[in-house]
Amino acid sequence: MERGHLLNKRILFMTGKGGAGKTTLAAALAVAARDRGKRVCLVGVGQSPNLCFIFSRDIPVYVETPVEKNLTAFTLDPYKALEEYVGLQLRVETAARMILSNRLIHYFMQAAPGWRELVTLGKIWHLHQLPASGGRALKFDIIVVDAPATGHGLSFLRVPSIFMNIIRFGPMQSQTFDVQSMLTDKARTAVCVASTLEEMPVNEAMQVLETVLTPLGMGLGVVFANSVISPLFNGQGRAEYETLRADTRAMEVLAGLFPDSGASLFNAAEEREKRAVQSRDYLEILENQKHAPVIRIPHQYPGRVDLSGVKKIADIINAALDREA
Amino acid sequence: MDLARLLKEKRILICCGSGGVGKTTVSAALGLKAAMAGRKALVCTIDPARRLADSLGLECLGNSETCVNETVQSVSGVTLPGTLHAMMLDSKRTFDALIERLASTPDAAARILGNPFYQNVTTALAGSQEFSAMEKLYELSVKNEYDLIILDTPPTRHALDFLDAPKKVTAFLDARVIQWFVKPYLAAERMGFKFFNRSAKILFRILEMGTGYQTLADIADFFLIFEGMYDEFRLRAEKVAALVASSGTAFVLVTSPEFPSLAEARFFLERLESEGMEFGEILFNRVSVTPGGLPGERFAEIEKEAVEKLPEHGPVIEALCANLRLEILLAEADRRAVELFLEKTCLTGRGVRIPFFSQDVHDIAGLLRLARHLPG
């Protein structure tokens, strides 16, 4: 991690392969920062049913929605962001709406490349420097972005530099420059990566780490090893388990008691062991890389992770960050 | 139609689903299954993470098809009665090849391929990967070398993006856009005309203020060269759309039993229906399943008795029981989620449940195990 505590940064992007638990971890990071006394804005790129589930409420598009004390959720929509941006440039919102509602322009914008990412990042830039009402202080100390899945997530972060090549001069060029400076300022911004402990997500996470550092030139935060499966037995317990298995009389007693002769009991234990081994092996790969520290998040089973689960993960994150410091 | 029949009778299967559900792995297993049944199958994937390449143990799959029968044979000793080919789509190269094919002259093609705007947008254009995938699908289907083509769709945030992509791309390149915006803009710039479309005028004023004239000139130039190709381009897109909607093609939906993925799958089913496209089958990947012969309601009682009879093993037995209970809970949650989904989508009795294997599927052995688990 570069210069200073992760939660003292201004902007954190949470990325990772689909299904790696990005949204849950982004929410947990936001809660963790809040618990350290920060005013936090949690930004979802596009509507997220999962975020609504976690906070058990609707998070309307493009409305700063307080969901917890000092925690605001914001659903970013590129069309709304464009409308706001054009409105600010023209200083007339109705004109902006008129232009953007033109059918052909709308048609065209649906496929036009890059602008969504650019205005999305522009809005994040805007949020990060919003002043608090009345005072000079900032409205939000930290912005946590639940970014699109990798593949999409990385091209998302690459867009400002592409636009710097396309746009030769004018105010849009300097605005793009501001966004790009925000992204590559390692003191201000960091990318966090979520990965479950399986082949593909870990491969993608490793690739993301490389890409963030070199072509993107951005700073790394932490890697979340999500859903770590712990072994059923450790050390002493393992020995006791072996003793049971070797105890013929005890095994016969169990076989007599369980309708399936105890098969499911022992199958489940072996299954768990296999998963724990796999989990450990991939954890090792993540922990052997030198780019960013790893925070382990134990498997939160069973069922969906709700707000209380998110708070539990936030505590795990804060404890890990304290250890790191 | 059930999966066995789809694999036997269809010419094209399109695998869709949200990211991270194991689409690529399932696509590869479907291809393997078809080859095991004697068909000549091709799996086409579009994926920067090269997941299929990993799955098939290939270091590098190019934009062309590679036969993997020998790899399967050498790794697992299994001789496939049919054939399995695999390829990884290179989106940019497919797009470039299409431009070369449709351009009226080699010079026009070269001018488009060399245009800075084209170079920057082809990879970034919303839907360009999906568009290339469909274009490649059409090309392969016309070549008519395979009994069955399985298309693994790009990893989009939303499964639905795939259906919208071709329309988006053609809309972007729409001739009317050129007619209404770009030409008047250039004409007005060159000859000092005032043009009439008020929205366009304001839009261009903002764009020019914001980006400078040269940027807009590059963009305008791109559209002008493209104009001559547009009709061909749209015709092509229409043929692709017709192929996707034809009776030889069906969609296979892949989902995990988790909520976000199921919600996505539901939207997708609705869209398929409203677009009049054929839904083939839904595959629930990585479903936890309960082992048979469970202790059932008497579990607590049995556990208590076991601990009483074997006090020296008490803690171990309790840990084993807690672990089994957890597994039952997980399996029960998955079972209910899948059933509720099928009920809500009027598909009760349908669907293929692929169990959660204790080890990742990322090699031939894993794919074979997965393929053997599929019905048919």
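Quick look at the values:
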| read-out | value |
| --- | --- |
| Of residues in segment B:20-49 being within 14 Å of chain A (Cβ to nearest Cβ) and farther than 18 Å from B:Val361 by Cα, the one surrounded by the fewest Cβ atoms within 10 Å (Cβ to Cβ) | B:Pro48 |
| Of residues in segment A:35-50 being surrounded by fewer than 23 Cβ atoms within 10 Å (Cβ to Cβ) and within 15 Å of A:Val310 (Cα to Cα), the one nearest to the other protein chains (Cβ to nearest Cβ) | A:Asn50 |
| Listing of helices (runs of 4 or more DSSP H) fully contained in segment A:213-299 that carry 3 or more residues being in contact with a Leu (Cβ under 8 Å, 6 or more places away or on another chain) | A:248-257, A:263-288 |
| Search result, residues across segment A:219-252 that are within 10 Å of chain B (Cβ to nearest Cβ) and farther than 17 Å from B:Ala319 by Cβ | A:Arg249 |
| Within segment B:69-85, considering residues that are without any contact (Cβ under 8 Å) to a residue 60 or more places away in the chain and within 10 Å of B:Leu32 (Cα to Cα), the one farthest from the chain's Cα centre (by Cα) | B:Leu80 |
| Among the candidates A:Ser181, A:Ser155, residue that is away from every other protein chain (no Cβ under 11 Å), closer than 19 Å to A:Val212 by Cβ and either assigned to a helix (DSSP H, G or I) or modelled with pLDDT under 95 (or both) | A:Ser181 |
| When residues of segment B:245-258 are limited to those that are touching a Lys or Arg at 6+ places or on another chain (Cβ under 6 Å) and within 14 Å of chain A (Cβ to nearest Cβ), the one farthest from B:Cys15 (Cα to Cα) | B:Ser256 |
| Failed condition for B:Asn285, given (1) crowded, with 21+ Cβ neighbours inside 10 Å; (2) at the interface with chain A (Cβ under 10 Å from one of its Cβ atoms); (3) not basic (Lys, Arg) | (2) |
| Some residue of segment B:38-45 being at pLDDT below 90, of a type in the set (Lys, Arg) and not in a helix (DSSP H, G or I) | no |
| B:Glu318 within 14 Å of chain A (Cβ to nearest Cβ), touching a Lys or Arg at 6+ places or on another chain (Cβ under 9 Å) and either in contact (Cβ under 8 Å) with a residue 40 or more places away in the chain or assigned to a helix (DSSP H, G or I) (or both) | no |
| Strands (runs of 3 or more DSSP E) contained in segment A:33-101 and holding at least 2 residues free of Cβ contacts under 8 Å to residues at least 12 places away in the same chain | A:65-68 |
| Extreme residue, farthest from the other protein chains (Cβ to nearest Cβ), among residues of segment A:184-212 that are assigned to a loop (DSSP other than H, G, I, E, B) and more than 21 Å from A:Val144 (Cβ to Cβ) | A:Leu197 |
| When residues of segment B:8-19 are limited to those that are more than 11 Å from the chain's Cα centre (by Cα) and not in a helix (DSSP H, G or I), the one farthest from the other protein chains (Cβ to nearest Cβ) | B:Arg11 |
| Residue satisfying condition, being in contact with a helix residue (DSSP H, G or I) (Cβ under 6 Å, 6 or more places away or on another chain), more than 9 Å from chain B (Cβ to nearest Cβ) and modelled with pLDDT of 90 or more, within set A:His291, A:His299 | A:His291 |
| Out of A:Leu216, A:Leu283, sole residue that is in contact (Cβ under 8 Å) with a residue 40 or more places away in the chain, touching a helix residue (DSSP H, G or I) at 6+ places or on another chain (Cβ under 6 Å) and more than 10 Å from every other protein chain (Cβ to nearest Cβ) | A:Leu216 |
| Some residue of segment B:272-287 being touching a strand residue (DSSP E or B) at 6+ places or on another chain (Cβ under 6 Å) and assigned to a helix (DSSP H, G or I) | yes |
| Segment B:309-329, residues that are buried (at least 20 other Cβ atoms within 10 Å of the Cβ) and not β-branched (Val, Ile, Thr) | B:His313, B:Leu320, B:Cys321, B:Leu324, B:Glu327 |
| Pick from segment B:259-281, criterion within 12 Å of chain A (Cβ to nearest Cβ) and either surrounded by 18 or more Cβ atoms within 10 Å (Cβ to Cβ) or not charged (D, E, K, R) (or both), ranking: farthest from B:Leu163 (Cα to Cα) | B:Phe259 |
| Selection within segment B:288-305 - at the interface with chain A (Cβ under 10 Å from one of its Cβ atoms) and either aliphatic (A, V, I, L, M) or outside any helix (DSSP H, G or I) (or both) | B:Ser288, B:Thr290, B:Pro291, B:Gly292, B:Gly293, B:Leu294, B:Pro295, B:Ile302 |
| Residue list for segment B:351-376, restricted to those being part of a loop (DSSP other than H, G, I, E, B) and more than 14 Å from chain A (Cβ to nearest Cβ) | B:Gly351, B:Leu374, B:Pro375, B:Gly376 |
| First in segment B:218-239 and assigned to a helix (DSSP H, G or I), second anywhere and among the β-branched types (Val, Ile, Thr) and surrounded by fewer than 20 Cβ atoms within 10 Å (Cβ to Cβ), Cβ under 6 Å, 6 or more apart | B:Phe223/B:Ile178; B:Glu227/B:Ile178 |
| Close pairs (9 angstrom Cβ cut-off, 6 or more residues apart or separate chains): outside any helix (DSSP H, G or I) in segment B:322-350, of a type in the set (D, E, K, R) anywhere | B:Thr345/B:Arg266; B:Thr345/B:Glu270; B:Thr348/B:Glu339; B:Arg350/B:Asp2; B:Arg350/B:Glu281 |
| Yes/no for B:Arg336 being within 14 Å of chain A (Cβ to nearest Cβ) and touching a strand residue (DSSP E or B) at 6+ places or on another chain (Cβ under 7 Å) | no |
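The values are calculated or read from the model by the stated rules, or taken from the named source; none is laboratory data. Being a predicted model, the structure only gives us computed values, none of them experimental. We place every Cβ from the backbone using ideal geometry, glycine too, and count neighbours over all the protein chains shown.
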